[in-house]
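The values are calculated or read from the model by the stated rules, or taken from the named source; none is laboratory data. Since this is a predicted model, take the numbers as computed values, not measurements. Backbone-built Cβ (ideal geometry, glycine too); neighbour counts: all protein chains shown.
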Amino acid sequence: MGLPLAHEVNLGPLIGPEAVEKASELVEDAVIHGAKVLTGGKSSDLGKNFYEATVLTIVNENMRIWGEEIFGPVVPLFSFSRMCPVFSALPGELETGMVAVNVGSRLSKPLWWYQGIPPASPHGP
């Protein structure tokens with residue numbers, strides 16, 4: 001983490017102190033509601049626009065981070081035992097564009113959902 005023009009830097013500053021405050025608020029809310037911080041979770045001593053790369057686990061739909069865009073280096077990890085409720089609920093209940101990544105042993109599981117999305121829809125493939 002550092003100044004973005006330095007060759008060795010992989011993570012630069014956020015857009016401003018407000019973005020750092022928003023990231024802090026969403027991470028704090030998640031922790032209050034049961035999330036665990038694997039790494040990061042706080043602003044950096046590099047300056048007022050820096051927030052550490054953060055990974056959260058045990059994230060659920062009762063947390064603000066579930067449906068609010070963070071615009072910061074925070075990755076909330078969600079765990080599910082069944083795919084159907086996940087893919088049918090997420091696009092309809094979120095007001096903002098979000099990215100979802102499925103990690104698992106069987107690629108065929110998420111493909112049935114992906115193939116059923118109309119290409120013209122806002123969240124389409």
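Rundown of residues vs (1) modelled with pLDDT of 95 or more; (2) among the hydroxyl-bearing types (Ser, Thr, Tyr); (3) surrounded by fewer than 14 Cβ atoms within 10 Å (Cβ to Cβ); (4) part of a strand (DSSP E or B), yes/no style:
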| position | (1), (2), (3), (4) |
| --- | --- |
| Met1 | no, no, no, no |
| Pro4 | no, no, yes, no |
| His7 | no, no, yes, no |
| Gly12 | no, no, no, no |
| Lys22 | yes, no, no, no |
| Glu25 | yes, no, no, no |
| Ala30 | yes, no, no, no |
| Leu46 | no, no, no, no |
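Taking interchain pairs and intrachain pairs at least six residues apart, which have beta carbon atoms under 6 angstrom, with the first residue in region 40-52 and closer than 9 Å to Leu14 by Cβ and in contact (Cβ under 8 Å) with a residue 12 or more places away in the chain and the second aliphatic (A, V, I, L, M) and assigned to a loop (DSSP other than H, G, I, E, B)?
The qualifying pairs are Asn49/Leu14; Tyr51/Leu14.
Restricting to region 48-63, and then to whatever is surrounded by fewer than 16 Cβ atoms within 10 Å (Cβ to Cβ) and of a type in the set (D, E, K, R), can you tell me which residue is farthest from the chain's Cα centre (by Cα)?
Only one residue fits best here, namely Lys48.
Out of region 32-44, which residues are farther than 13 Å from Leu3 by Cα and either part of a loop (DSSP other than H, G, I, E, B) or of a type outside the set (Val, Ile, Thr) (or both)? Talk me through it step by step, then tell me what you get.
Filtering region 32-44 down to residues farther than 13 Å from Leu3 by Cα leaves 32-43.
Those that are farther than 13 Å from Leu3 by Cα and either part of a loop (DSSP other than H, G, I, E, B) or of a type outside the set (Val, Ile, Thr) (or both): His33, Gly34, Ala35, Lys36, Leu38, Gly40, Gly41, Lys42, Ser43.
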